[in-house]
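The values are calculated or read from the model by the stated rules, or taken from the named source; none is laboratory data. What you see is a predicted model; the values in this text were computed from it and never measured. We place every Cβ from the backbone using ideal geometry, glycine too, and count neighbours over all the protein chains shown. Side chains included, ligands, DNA and RNA excluded: accessible areas come from the protein's heavy atoms. Shrake-Rupley method; radii C 1.70, N 1.55, O 1.52, S 1.80 Å.
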Amino acid sequence: MKISIIGTGYVGLVSGVGFAKHGHEVICVDIDEDIVDSINNAIPPIYEEGLEELLEKVVDSGKLSATTDLQGAVEKTDITFICVGTPSREDGSIDTSAIESATEDVSEAIDEKNDYHIVVVKSTVTPGTTDGLIKSILESSGKKVGEDFGLGMNPEFLREGVALDDFLDPDRIVIGGWDEKSRETIKRVYESFDAPKLVTDIRTAEMIKYTSNALLATKISFANEMSRICEEVGIDVYDVMDGVGLDHRIKRDFLNAGPGFGGSCFPKDVKAIKNLAKKNDIKAELLEAVLFINSQQPIHTVEILEKKLGDLKGKNVTVLGLTFKGGTDDIRETRALPIVESLLEKGAKVTGYDPKGMDNFSEVIPSINYADSIEEALKDAEACIIQNDWDDFSKLEGKDFEVMKNKVVLDGRRVLDEEKLDKEIKYLSIGKGGLD
Ligand code: UDX
């Protein structure tokens, strides 16, 4: 099929490249000329594992191109996926300005078109947005959904850093459609994908996305709450979760205690669904608790260090890992930020290091030292906190900590093999009892 994609961030571009790999003809639309040029030169404007190679293939084969001409892209295609961002507002609700603007442009384009066209929202929007706000904008041209054009909602479940894998090998494909014709057409787009396809209505599709993320975030906060108990009673929560995760109803993933969850999705999505609940006079205490526990974990991480080192005032503390997780340069909602803020509040002298995130992080916190290497970052440090799971950190061994003045290592993401570390390293972690 001929597909247009509005928005070329990690959802839009990855989806476009993935569709093109499956043989569809794809036109990616962005308002930024430079991004359009970069894509047409097979240079991805974002970093994702495997994206560059696949983009080159689909651009060279003519299966994928990019343009700023949205009107022309809609005219030349059968179906349009809207993949623009829906960030959080102050009150936790989603900012729909970008998707409203994109939808207005699509509406104008459909108005000019005689053939039937389908509009599919892939952006994460709260239940009632697609068949409410989006539908009303699309119909503002006078055309009617169900008669002149189709409408659908097809959420993404992509993790940053592994987005292409997640797109090409999904656990499931959720297809919400306004009517049978919309649902059938979207199903045809995914015909060659070998994954369970769940066909439903639009609002259910919207809610599946939020509920998935809210439950994943809940698993993490649950693990973090259990870790607090384990710390007090001399148990390692990771051993506990190994046992719990063997239950086929629970599974082990997303039960790793640590400084908490960051990223552009979990915090935003949990706040958005909590806000929707509040708007409907539902209290959503559990979602409230998930966010509260997550806000406390970075502070608790520094408290663990304080318990070992005593007063942190004037002490050199290194934070290895500034992005919200390894494999990305994204620092949105990174737990490194509240950790560094807490260290600075306590008077520590902080050095930060990250393989890809230092440019972004130093824009938010310019005042700390930034090192060009792990060795430089650890030199003369009296403690270090490992905040994310870059491979560079999992490869560290005892000798790498030799340059520290005092070898206290708080392994926030359990990336090190404690058994391999020299005895003089005082190894700490989150969720492991017996920290005294
Ligand atoms: C998440 C969802 O996984 C994905 O399905 C959705 O489409 C977008 O949001 P992402 O935010 O890219 O993906 O990263 P993810 O790998 O899920 O990690 C999110 C955060 O949770 C990271 O800060 C990570 O460190 C943290 N995390 C993850 C934990 O603290 N414990 C865990 O067990 C797993």
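If the condition is being β-branched (Val, Ile, Thr) and open to solvent by less than 30 Å² (accessible area, probe 1.4 Å), then region 395-436 contributes VAL408, VAL409, VAL415, ILE425, ILE430.
For region 206-216, does any single residue satisfy the condition of being of a type outside the set (D, E, K, R), more than 13 Å from the ligand (Cβ to nearest atom) and within 22 Å of ILE175 (Cα to Cα)?
Scanning region 206-216, I find at least one residue that is of a type outside the set (D, E, K, R), more than 13 Å from the ligand (Cβ to nearest atom) and within 22 Å of ILE175 (Cα to Cα), so the answer is yes.
Note on region 19-45: residues that are over 26 Å from GLU104 (Cα atoms), open to solvent by 30 Å² or more (accessible area, probe 1.4 Å) and free of Cβ contacts under 8 Å to residues at least 40 places away in the same chain amount to 2. With the structure loaded, tell me whether ASP359 is farther than 21 Å from THR301 by Cα, assigned by TED's automatic domain parsing to the domain that holds GLU225, not basic (Lys, Arg) and not in a loop (DSSP other than H, G, I, E, B) or whether it fails that test. Judged against the criteria, ASP359 is a match.
Working only within region 135-180, note down all residues that are in a strand (DSSP E or B) and aliphatic (A, V, I, L, M). Across region 135-180, the qualifying residues are VAL145, LEU151, MET153, ILE173, VAL174, ILE175. Listed conditions (1) outside any loop (DSSP other than H, G, I, E, B); (2) within 12 Å of the ligand (Cβ to nearest atom) are all met by THR351, apart from (2).
Close Cβ contacts (under 7 Å, 6 or more residues apart or on different chains) running from residues in region 258-271 that are near the ligand (Cβ under 7 Å from one of its atoms) to residues that are among the aliphatic types (A, V, I, L, M) comprise GLY258/ILE430; PHE261/ALA217; PHE261/ILE220; PHE266/LEU216; PHE266/ALA217. Taking the listed residues ASP194, ASP179, ASP171, the one that is of a type in the set (Asp, Glu), within 13 Å of the ligand (Cβ to nearest atom) and at pLDDT 95 or above is ASP171, with no other qualifying. Restricting region 304-329 to residues that are under 19 Å from GLY431 (Cα atoms) and more than 16 Å from the ligand (Cβ to nearest atom), the residue that is nearest to the chain's Cα centre (by Cα) is LEU305.
Kindly indicate whether any position in region 258-268 is under 30 Å from GLY352 (Cβ atoms), hydroxyl-bearing (Ser, Thr, Tyr) and assigned to a loop (DSSP other than H, G, I, E, B).
Among the residues of region 258-268, at least one is under 30 Å from GLY352 (Cβ atoms), hydroxyl-bearing (Ser, Thr, Tyr) and assigned to a loop (DSSP other than H, G, I, E, B), which makes the answer yes.
With respect to the conditions (1) free of Cβ contacts under 8 Å to residues at least 60 places away in the same chain; (2) touching a Leu at 6+ places or on another chain (Cβ under 9 Å); (3) surrounded by fewer than 14 Cβ atoms within 10 Å (Cβ to Cβ), LYS283 falls short on a single one, namely (2). Quick check, is GLY314 free of Cβ contacts under 8 Å to residues at least 40 places away in the same chain, on the phi > 0 side of the Ramachandran plot and not in a helix (DSSP H, G or I)? For GLY314, the condition - free of Cβ contacts under 8 Å to residues at least 40 places away in the same chain, on the phi > 0 side of the Ramachandran plot and not in a helix (DSSP H, G or I) - is met. Taking the condition more than 11 Å from the ligand (Cβ to nearest atom) and part of a helix (DSSP H, G or I), does ASP131 pass? When the stated conditions are applied, ASP131 passes them. Would region 112-120 turn up any residue that is closer than 24 Å to ASP269 by Cβ, in contact with a helix residue (DSSP H, G or I) (Cβ under 9 Å, 6 or more places away or on another chain) and either open to solvent by less than 50 Å² (accessible area, probe 1.4 Å) or not in a loop (DSSP other than H, G, I, E, B) (or both)? Scanning region 112-120 turns up at least one residue that is closer than 24 Å to ASP269 by Cβ, in contact with a helix residue (DSSP H, G or I) (Cβ under 9 Å, 6 or more places away or on another chain) and either open to solvent by less than 50 Å² (accessible area, probe 1.4 Å) or not in a loop (DSSP other than H, G, I, E, B) (or both). Is it the case that some residue within region 231-250 is in contact with a Cys (Cβ under 7 Å, 6 or more places away or on another chain), more than 13 Å from the ligand (Cβ to nearest atom) and assigned by TED's automatic domain parsing to the domain that holds ASP372? Yes, that holds for at least one residue.
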